[in-house]
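Step one of this worksheet: look at the structure below.
The values are calculated or read from the model by the stated rules, or taken from the named source; none is laboratory data. This one's a predicted model, so the numbers in the text were calculated from it and none came from an experiment. Here the Cβ positions follow ideal geometry from the backbone for every residue, glycine too, while neighbour counts run over all protein chains shown.
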Amino acid sequence: MIELNTDRFAGIECLHAYPAGKRHQALPTVLFYHGYSSSKEVYGYFAVALAQAGYRAVLPDADMHGARFDGDDSRRLAHFWEILRSNIDELPQIERALRQHKLVEGDRLAVAGASMGGMTALGALARYPQLHSCACMMGSGYYSQLASTLFPPLMSGSGEHEKPLAQRLAPLADYDVSQRLANIANRPLLVWHGDADEVVPVAESVRLEQALRHSGQDRNLTYLIEEGTGHRITPPALAAFTAFFERHLPLSDDEETRSALAQSCHEGGKKCRL
């Protein structure tokens, strides 16, 4: 049994799920970020899966989304990259609120997300060393390059358009994972992608896996490509997501049990196709 509520942390409306009767108990916690033009409720099945596995799941609404959306679609589309950066910048505020309420068990705070949320998760992992682990579902951390083709493409031009473009792209460089590989390689990381993704190309995940492997930093990487799958989360993807955290974000307080679990279920460097 689980409980599912809508709560506010740091003033941000969040979907909040946890095992029944454990609302006020410190638990291993996963912050999960939803995709663009979606909401915390649409991705609620991740919250359910995590709570059923024994975790606390907190799903914030991104800026201009869900309870924070004012109905202006065109304005939201024009601010995709600012919304992504806002997600990353707001994470410490949400963490602080959770810890003030004593809801996170020790250092067991992880980050995850799908699509724009997966991009958020990678950027947060690169930026915040206190995060325990990360699951990126059909996302990318190569923001500066992807900005020329995605949500909406920021095209370089000439004259008066060149300076605004440079101004918008400049802040992304500080969040991009290309110069922060060591920051995402030193903790458990799941990268999942469908090889027929028509929105965020699977090449984004391939690029990350190759960069980590070629630099000898893929020991903590679990890399899963699902064949014939587009930009959507499938039942096998959700199962792999939950299994990843069960292996790498243990519920047990017993160090011997945790060590045995890590040894028997270690996924470090695992790469496969589903």
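Taking the criterion of being under 13 Å from the mean Cα position of the chain (by Cα) and hydroxyl-bearing (S, T, Y), the residues of the range 35-56 that qualify are Y36, Y43. Among the residues of the range 150-161 satisfying the criterion of being on the phi < 0 side of the Ramachandran plot and not in a helix (DSSP H, G or I), which is modelled with the highest pLDDT? That would be L150. Scanning the range 1-56 for residues that are out of contact with any strand residue (DSSP E or B) (no Cβ under 8 Å at 6 or more places or on another chain) and within 22 Å of F69 (Cα to Cα) turns up A10, G11, Y36, S37, S38, S39, V42, Y45.
From the list L109, L59, L98, L103, which one is modelled with pLDDT of 95 or more, more than 19 Å from the chain's Cα centre (by Cα) and of a type in the set (A, V, I, L, M, F, W, C)?
Details: L109 fails: more than 19 Å from the chain's Cα centre (by Cα); L59 fails: more than 19 Å from the chain's Cα centre (by Cα); L98 fails: more than 19 Å from the chain's Cα centre (by Cα).
After applying the criteria, what remains is L103.
Pairs only if they're at least six apart or on different chains, beta carbon under 9 angstrom, first in the range 73-87 and outside any helix (DSSP H, G or I), second surrounded by 19 or more Cβ atoms within 10 Å (Cβ to Cβ); list them, first residue then second. Between residues of the range 73-87 that are outside any helix (DSSP H, G or I) and residues that are surrounded by 19 or more Cβ atoms within 10 Å (Cβ to Cβ), the close pairs are H79/D63; H79/M64. When you scan the range 109-117, do you find a residue that is part of a helix (DSSP H, G or I) and surrounded by 21 or more Cβ atoms within 10 Å (Cβ to Cβ), even just one? Taking every residue of the range 109-117 in turn, at least one turns out to be part of a helix (DSSP H, G or I) and surrounded by 21 or more Cβ atoms within 10 Å (Cβ to Cβ).
For the range 1-48, a residue qualifies if it is closer than 19 Å to L131 by Cα, touching a residue at least 60 places away in the same chain (Cβ under 8 Å) and either of a type in the set (A, V, I, L, M) or assigned to a loop (DSSP other than H, G, I, E, B) (or both), and the qualifying residues are A10, A26, L27, V30, L31, H34. Residues that are of a type in the set (D, E, K, R), at negative phi, buried (at least 21 other Cβ atoms within 10 Å of the Cβ) and outside any loop (DSSP other than H, G, I, E, B): does the range 49-64 have at least one? The answer is yes; a qualifying residue exists. If you filter the range 8-34 down to residues that are charged (D, E, K, R) and within 20 Å of the chain's Cα centre (by Cα), you find that the one that is surrounded by the fewest Cβ atoms within 10 Å (Cβ to Cβ) is R8.
Within the group A147, A173, A182, A211, which residue is in contact with a helix residue (DSSP H, G or I) (Cβ under 7 Å, 6 or more places away or on another chain), of a type in the set (A, V, I, L, M) and at pLDDT 95 or above?
Values: A147 fails: at pLDDT 95 or above; A173 fails: at pLDDT 95 or above; A182 fails: in contact with a helix residue (DSSP H, G or I) (Cβ under 7 Å, 6 or more places away or on another chain).
Exactly one of A147, A173, A182, A211 is in contact with a helix residue (DSSP H, G or I) (Cβ under 7 Å, 6 or more places away or on another chain), of a type in the set (A, V, I, L, M) and at pLDDT 95 or above, namely A211.
Every test in (1) surrounded by fewer than 17 Cβ atoms within 10 Å (Cβ to Cβ); (2) modelled with pLDDT under 95 is passed by L251 save one, and that test is (1). Taking S140, is it in a loop (DSSP other than H, G, I, E, B), out of contact with any strand residue (DSSP E or B) (no Cβ under 7 Å at 6 or more places or on another chain) and without any contact (Cβ under 8 Å) to a residue 40 or more places away in the chain? Considered against the rule, which asks whether it is in a loop (DSSP other than H, G, I, E, B), out of contact with any strand residue (DSSP E or B) (no Cβ under 7 Å at 6 or more places or on another chain) and without any contact (Cβ under 8 Å) to a residue 40 or more places away in the chain, S140 comes out as no.
Let's see how each residue does on (1) in a helix (DSSP H, G or I); (2) of a type in the set (D, E, K, R); (3) in contact with a Phe, Trp or Tyr (Cβ under 8 Å, 6 or more places away or on another chain); (4) touching a residue at least 60 places away in the same chain (Cβ under 8 Å):
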{"site": "R187", "(1), (2), (3), (4)": "no, yes, no, yes"}
{"site": "V199", "(1), (2), (3), (4)": "no, no, no, yes"}
{"site": "R207", "(1), (2), (3), (4)": "yes, yes, yes, yes"}
{"site": "Q210", "(1), (2), (3), (4)": "yes, no, no, no"}
{"site": "T222", "(1), (2), (3), (4)": "no, no, yes, no"}
